[in-house]
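Right, one structure below, let's go through it.
The values are calculated or read from the model by the stated rules, or taken from the named source; none is laboratory data. No experiment lies behind these values; they were computed from the predicted model shown. Here the Cβ positions follow ideal geometry from the backbone for every residue, glycine too, while neighbour counts run over all protein chains shown.
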Amino acid sequence: MHYLLLNTGLALTWAALTGTFSLPNLLLGFGLGYAVLWLVRSVVGPSSYFSKVPKALGFAVFFLWELILSNLRVAADVLTPRHHMQPRVLAIPLEARTNAEITLLANFISLTPGSLSLDVASDCRVLYVHVMYAADAELVRREIEQGLERRLLDVMRGANDEMNVGA
């Protein structure tokens, strides 16, 4: 059974019953639906969904924090008379293998101010990224590999596993 779909249905049911289809009310309905599914998980069947939702929320918080920090860095550099940019094009070795994983990683990198995904190698093992602040290229590589990519793959690969459970 696909728990995300079931949880979304419970959130929409909550919104319909309360008569308010606002984002806060839908989020409340999603949280209540998650709690209900967690309570009846022994009846409904085993699933990795209950460990993946907190990971997805953790990824969202991580990415929002990175987004805020990168915005502040770019804004500070624009507002100060001396620029601190040290742009480079970096080759990032990928652990991501599927097109969806690579596409999402490239998009999240491009959404962050100060970085832009340029290309993927023909064998899909390397992502080329332009970074504005890369004084230490190895540090930037590690931050992408161990931060953004690792967290994204943790959520993505769990989501793919969930689709196969009970199908």
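Tabulated results
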read-out: Residue check, R73 under 20 Å from A134 (Cβ atoms), assigned by TED's automatic domain parsing to the domain that holds V131 and not aliphatic (A, V, I, L, M); value: yes
read-out: Residues of the range 32-80 satisfying the condition of being loosely packed, with under 15 Cβ neighbours inside 10 Å, of a type in the set (S, T, N, Q) and in a helix (DSSP H, G or I); value: S42, S51, N71
read-out: Selection count, the range 81-101, where residues are part of a helix (DSSP H, G or I) and closer than 13 Å to D136 by Cα; value: 0
read-out: Residue, modelled with the lowest pLDDT, within the range 109-156, restricted to residues that are under 12 Å from the mean Cα position of the chain (by Cα) and farther than 22 Å from L72 by Cβ; value: M156
read-out: Qualifying residue in the range 81-102 (condition: over 30 Å from H2 (Cα atoms), of a type in the set (V, I, T) and exposed (fewer than 14 other Cβ atoms within 10 Å of the Cβ)); value: yes
read-out: One residue from L139, L153 being under 21 Å from G58 (Cα atoms), among the hydrophobic types (A, V, I, L, M, F, W, C) and in a helix (DSSP H, G or I); value: L153
